[in-house]
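Here the structure comes first, spelled out in structure tokens, and everything after it is commentary.
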Amino acid sequence: MSDDTASGDRIGQIASLLHEAGEIHHTYFADTDGADDDWATFYSDWLLAHSDLPVLLARRPVRSHLTRDLVVCDEEFTRAGATEPWPRWYAQKLLAQYGEGAGRTTAP
């Protein structure tokens, strides 16, 4: 399997995890129709505690850094007017930020 294929597979898997986190978040915050100003903290907590995100990234991001980067993804996605589904777009950014070969800011 080429590096591009492996990266594409991980993007798809990370996108699926982001989608799942979104569904869980929406269910958890159903009384507010999913509205939560601190959504990124919920996502980063869930992704690090209940998913394979650290395995897919080959490291465990610092939670506060992941929270910040999810907010940055949201801002950039909105600003770019991206047409691709948000989970895949975020997954590409997160893999570039935290995947193998990226800068090393990890939890001890």
How far is helix 39-50 tilted off the main Cα axis of the chain, in degrees rounded to 10, range 0 to 90? 50
Could you work out the relative contact order of the chain, using alpha carbon pairs under 8 angstrom and six or more residues apart, expressed as a whole percent? 32
Measure nothing fancy, just the Cα-based angle from helix 3-28's long axis to the longest principal axis of the chain, in degrees from 0 to 90, nearest 10. 20
Mark the label point 7 Å from the Cα of Ser16 along Cα→Cβ and return the residues of the range 23-54 whose backbone N is within less than 13 Å of it. 52-53
State the answer as a single residue: which of Pro85, Leu57, Ala21 lies farthest towards the positive end of the charge dipole of the range 3-98, with beta carbon charges of +1 for Lys and Arg and -1 for Asp and Glu, about the Cα centre. Leu57
To the nearest 20 debye, what charge dipole does the chain have about its Cα centre, counting +1 at the Cβ of each Lys and Arg and -1 at the Cβ of each Asp and Glu? 500
Quick one: Cα convex hull volume of the chain, Å³ per residue? 105
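No lab work stands behind these numbers, since they all come straight from the coordinates. It should be emphasised that the depicted structure is a prediction, and the values quoted were computed from it without experimental measurement. Please note: Cβ atoms are built from the backbone with ideal geometry, for glycine as well, and neighbour counts cover all protein chains shown.
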